[in-house]
Structures are given as structure tokens and as C-alpha cells.
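What follows draws every value from the coordinates through simple rules; no lab data is involved. Please read these numbers as outputs of a predicted model, since none were measured by experiment.
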Amino acid sequence: MSSWGELAGQTASALIGTLAGGAMAVYVARWQTAKSIEAQVSVAASQEVASAALARSQWTQQRSAEAAQRLLERLAALYARLPSLPDVSLDEPQLSAEARERCAEALESIRHGMQTDLLSIENDQVRARFRTLVKLGFDVAWRGIGQGNRERQIRDVRGYLRYVQLTLEAVIDGSPLPDSCVPPVLDRSDGDAWVPPSMPWHWRDPADGS
């Protein structure tokens with residue numbers, strides 16, 4: 001009987017050990033599976049966040065580029081009418097009354113763009129430069145600042161307008177903005193027209209009209 005008892009005890013111990021080992025193996029396997037699933041979920045969540053951020057960035061860039069293109073079209077209309085800019089508030093314009101009216105319309109267009117299209121561009125520097133241009137235009141057209149030198153008034157605004165055009169083109173291309181610079185002071189004694197510190201080659205091209 002003693003031998004049978006010992007055998008039964010050994011068998012029971014072995015069975016318990018087997019069951020315990022199996023349970024431990026199942027626990028470890030489940031733990032590893034859970035950790036693997038958790039890691040996969042974490043990776044998927046990170047990828048989703050990254051994809052959402054990329055989509056947001058692309059959408060913002062596209063919206064900014066489209067707004068910049070619309071602003072460029074407004075600036076092109078004003079550029080063509082700049083010779084009449086000092087005439088806007090005059091009863092007797094040096095150029096024609098029709099040219100004065102078209103210039104006033106173009107100036108109002110860029111002011112409207114400042115209040116609409118420009119808001120779709122998130123870059124503060126771009127916004128500040130465009131708003132400065134609008135102020136310069138209204139300073140010449142309606143406030144008569146710098147009126148002692150008509151040609152320089154026009155060339156000052158033209159130079160800064162081109163600078164803003166380059167800024168908007170950089171927004172469209174997704175390239176770095178032109179370096180920051182101090183805008184022209186319209187009421188000054190210097191007779192030289194304002195130009196930005198860095199000039200594109202085509203600004204010196206007679207065919208460019210600048």
C-alpha cells in the first residue's frame with residue numbers, strides 16, 4: 001500500500017506540475033499576444049495621427065497656394081495701373097479720368113483681398129507684407145504721402161509690390177520666403193526709389209518693365 005501511495009503522490013505531483021506549467025505557458029502566450037496587439041494598435045494609432053497631420057499640412061498648403069494665386073491676380077491688375085496711383089484722390093488727374101478710376105478699382109480689389117483671400121494664408125510674415133502693401137497704396141492714393149515726388153511714389157509702391165509678388169510666389173511653390181526688409185518710407189528726402197535688398201535677375205531686364 002505504501003508503494004501505491006507513493007506512486008499516486010508522485011503521479012499527482014507530476015500532473016499538478018504539468019497543469020501548472022501548461023497554465024503558465026498559456027498565461028505567457030496570452031500576455032505576449034496582448035502586448036503584441038497593444039504594440040500594433042499603438043503603431044496604427046501613430047500612423048493614423050501622422051497621416052492626419054500630413055493631410056492637414058497638404059490641405060493648408062493647397063489652400064494657401066490657391067489664395068496666393070488669387071492675390072497675385074489682384075496685384076497684377078494694380079501693377080498695370082500704378083502710373084495713376086497718385087491721381088486717385090485728385091479732381092484733375094495727370095493721366096486720364098478713366099485710368100484713375102481703374103486704378104482706384106484695382107486698389108480696392110487688393111484691399112478686399114486682404115480681408116478675404118489673405119486670411120487663408122496662415123504665415124504671419126506673408127500677411128504682414130501684404131497689409132503693408134495695401135497701406136502704401138492707400139497712403140499714396142488717398143493720403144497724398146510723398147506727393148512731392150510723384151515718380152518716386154510710384155516706383156516705391158511698384159518695388160514693394162514686386163517684393164510681395166515674390167513672397168506670394170514662394171507660398172505657391174512652398175519655397176522659403178524672400179528675406180524680410182524694411183518697407184519704403186514714402187515721405188523722405190531721398191530721391192532714389194525703394195528696392196528690396198535682394199533683387200531677382202529679371203528686375204534688371206528691360207523687357208520686364210520695372
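How much length is gained on full extension from residue 150 to residue 73, taking 0.36 nm per residue of separation minus their Cα-Cα distance?
Working: separation 77, 0.36 × 77 = 27.72 nm, distance 2.52 nm.
Full extension from residue 150 to residue 73 adds 25.2 nm.
Residue by residue through the stretch 60-66, which ³J(HN,Hα) values in whole Hz follow from phi under the Karplus form 6.51 cos²θ - 1.76 cosθ + 1.60 (θ = phi - 60°), with glycine and proline marked x?
Listing the rounded values in order: 5, 5, 5, 4, 5, 5, 5 Hz.
Can you tell me how much longer the chain between residue 170 and residue 112 gets when fully stretched, taken as 0.36 nm per residue apart minus their C-alpha distance, in nm with one decimal? Intermediate results must be reported in sequence, preceding the final value.
On the way: separation 58, 0.36 × 58 = 20.88 nm, distance 2.16 nm.
So the extension gain works out to 18.7 nm.
Given H placed on each backbone N at 1.01 Å, which residues far from residue 194 in sequence or on other chains put an amide H within less than 5 Å of it?
156
Relative to the present Cα-Cα distance, how much length would full extension add between residue 91 and residue 26 at 0.36 nm per residue of separation?
Details: separation 65, 0.36 × 65 = 23.40 nm, distance 9.45 nm.
Roughly 13.9 nm would be gained on extension.
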